[in-house]
Amino acid sequence: MAKRPKHFGMLAEYETAADLYHACEKVRDAGYAAWDAHTPYPVHGLEKAMGLRSSIIPYIVCVMGFTGAGLGFLLQFWSSTVAYPLIISAKPYNSYPAFVPVTFELGILLGAFGAVFGMLGVNKLPQLYHSLFNSHRFARFSDDRFFISIEARDPKYDGERTRKLLESTGATAVEEVED
């Protein structure tokens, strides 16, 4: 007995960015939660049309940057006042103006690490396989086509109603995608 492939969801294809933008507004207004838009280039305002909230990445970068600056300052303070207290040129042990370059550089370094690894974590990358790669149409998303994918795990997903919604948005093609 052959096992039937699991259903991933629906994929709708659009010709222009404007068509995709208006379709995203309709899908958002329909109340879907597990869906995404795929474009060959950034489309200004698409996140607003999709109803996405702000990213957490700036907060990750800020925390990591301040952590790096704080650790850089504490390392220098500890080494010059506790571990090796030397009086150099009649300056006090905790001569903080000398600590500025290393403090700044470690703040930038850890902030950059926070940006890169935070982005990879939030975007769940690297992802070596995705069910949308099973669609032959989807191969054009990085060239000249625009797509909306609605996943079957969405609580509002119903095969027939979802297909009708995507067709009503002006999609040139709507297809089911197997997992």
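The values are calculated or read from the model by the stated rules, or taken from the named source; none is laboratory data. Just so we're clear, the structure is a prediction, and the values are computed from it rather than from any experiment. A quick note on method: Cβ atoms are made from the backbone with ideal geometry, for glycine too, and the neighbour counts reach across all protein chains shown.
Structure notes:
- Residues satisfying the stated conditions in segment 110-139, i.e. under 15 Å from the mean Cα position of the chain (by Cα) and basic (Lys, Arg): Lys124
- Within segment 7-27, being surrounded by fewer than 17 Cβ atoms within 10 Å (Cβ to Cβ) and within 20 Å of Arg153 (Cβ to Cβ) holds for one residue alone: His7.
- When segment 147-179 is filtered for residues that are of a type in the set (Lys, Arg) and not in a helix (DSSP H, G or I), the ones remaining, listed by number, are Arg153, Lys156.
- Apart from one condition, His130 fits all of (1) in contact (Cβ under 8 Å) with a residue 24 or more places away in the chain; (2) in the same structural domain as Tyr21 (by TED's automatic domain parsing); the exception is (1).
- Restricting attention to segment 76-131 and to residues that are among the aliphatic types (A, V, I, L, M) and not in a helix (DSSP H, G or I), the residue that is farthest from Gly9 (Cα to Cα) turns out to be Ala90.
- Members of segment 138-169 that are closer than 20 Å to Thr16 by Cβ, surrounded by fewer than 20 Cβ atoms within 10 Å (Cβ to Cβ) and aliphatic (A, V, I, L, M): Ala139
- Segment 37-50: number of residues that are loosely packed, with under 14 Cβ neighbours inside 10 Å and closer than 21 Å to Ser168 by Cα: 1
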